[in-house]
Amino acid sequence: MKLPSLKEVLLSAPSKHPVQELCDEVDRQLDEHIERIRDHAFRAVGNRTAYELEEEKLETIDVLSYYKDLIERARKGGTTKMKEIIRMSKNCTFEIMATINPDNTEMVDIRFRQGQKERRFEEFLSNAETQFRMDLKTAFHPDKRKIKLSMLMETDTFTPLCVLHEIGHEHQAHPNMFSSQERAEAEQFRSINKTNKALLKKYHGLQIHSGNEYYPEWYLQKFYRDRAAKEIDAWQFAYRTFHSVQNEGFDVLASFDKHDIHRFIEANLWSYQNSYDLNLYLAGGKKVLDRSENVFQWNRKKAMSA
């Protein structure tokens, strides 16, 4: 199935059509596409996500409120624990165990388990100081050496792949890609364009969240090309590590056919491409957008030979 392209939609839409409506529709189609990929793997293994939260069985929607309650209980003087189990195959599980202490410190242990064998995710890290933490959004924070795992993320057989993706970012260097002169020029351009926010909202009905929409075309190209290289590299790391664990005797690939993981990665990268195209459109309209290239391409052959 072809991935929904915001560039194609924006280039073909009437100039006065509300951009926010177009973005929302493309986002909805992409979310449905990813959900179909997840469901396919979910059904393949007959998977069920089990929450062992102080022996209570909860639905995914309850996890955030329950986690906040655990933190509150810990502050009042008791160590609390949360454990989540995702079945990768008949014999292999992916497990996340979070322990919250009265002083609000937290320990998060992540592992594959099959029989008596275990593979802990801390073994994949490049820096012993990096820590796993629970949060509202899954991301790696290089300044704090923390990989934060979202309590709201989809919990299925793709979850460990997403965690490995963030570990892939932990392996990367994170230098500033712009010189001081480039940053000054971009900020000057941004400060001038920022006055257009009211016009963007008035004519496009657009609520902007990315923070890049006011920058010039050259800045956006450099920013997103660097972002593409990092994202593709992190997914390559996740893909290689996933297969390496399978070769070690952990049956982590049982729920996937040969296309599932590639489709999932392609769709996640495509969301960045749509963001890039939106910011180019806001920076210079259809003329600038028409010149954009797909920089978030996943090379299946390269991944399979890695």
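Just so it is clear, none of the values below were taken in a lab; they were calculated from the coordinates. What you see is a predicted model; the values in this text were computed from it and never measured. Please note: Cβ atoms are built from the backbone with ideal geometry, for glycine as well, and neighbour counts cover all protein chains shown.
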Set the Förster radius R0 to 51 Å, insert the Cβ-Cβ distance between residue 180 and residue 91 as r into 1/(1 + (r/R0)^6), and round the FRET efficiency to 0.05.
0.40
Residues meeting the amide H criterion for residue 88 (H placed from the backbone, H to H distance under 5 Å, 5 or more places apart or on another chain) are 93, 94
Residue 27 to residue 173: extension gain in nm, 0.36 nm per residue of separation minus the Cα-Cα distance?
49.5 nm
Karplus-derived 3J(HN,Hα) from phi for the range 87-94 (6.51 cos²θ - 1.76 cosθ + 1.60, θ = phi - 60°), whole Hz, x at Gly and Pro, runs 7, 8, 7, 4, 10, 10, 10, 10
Where in the range 219-246 does the label zone of residue 127 land, with the point 7 angstrom along Cα→C-beta and an amide N cut-off under 13 Å?
none
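Which whole-number percent gives the relative contact order of the range 86-136, counting Cα pairs below 8 Å spaced six or more residues apart? Before the final figure, lay out each step's value.
Values: 63 pairs, mean separation 14.5, N = 51.
With pairs under 8 Å counted, the relative contact order is 28 percent.
Among 9-22, 241-254, 160-173, what's the highest-first ranking by average C-beta atoms within 10 angstrom per residue?
On the way: 9-22: 13.7, 241-254: 16.8, 160-173: 19.1.
Per-residue mean Cβ counts within 10 Å order the peptides as 160-173, 241-254, 9-22.
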With label points built 7 Å along Cα→Cβ from the Cα atoms of residue 191 and residue 15, find their separation and express it in nm.
3.1
Quote the FRET efficiency, to the nearest 0.05, computed for residue 141 versus residue 246 with a Förster distance R0 of 51 Å and r equal to the Cβ-Cβ distance.
0.95
Karplus (6.51, -1.76, 1.60) ³J(HN,Hα), θ = phi - 60°, over the range 248-261, in Hz, Gly and Pro reported as x:
7, x, 9, 7, 8, 9, 4, 8, 10, 8, 5, 9, 3, 5
Lys and Arg at +1, Asp and Glu at -1: neighbours of residue 144 with Cβ under 15 Å from its Cβ sum to -1
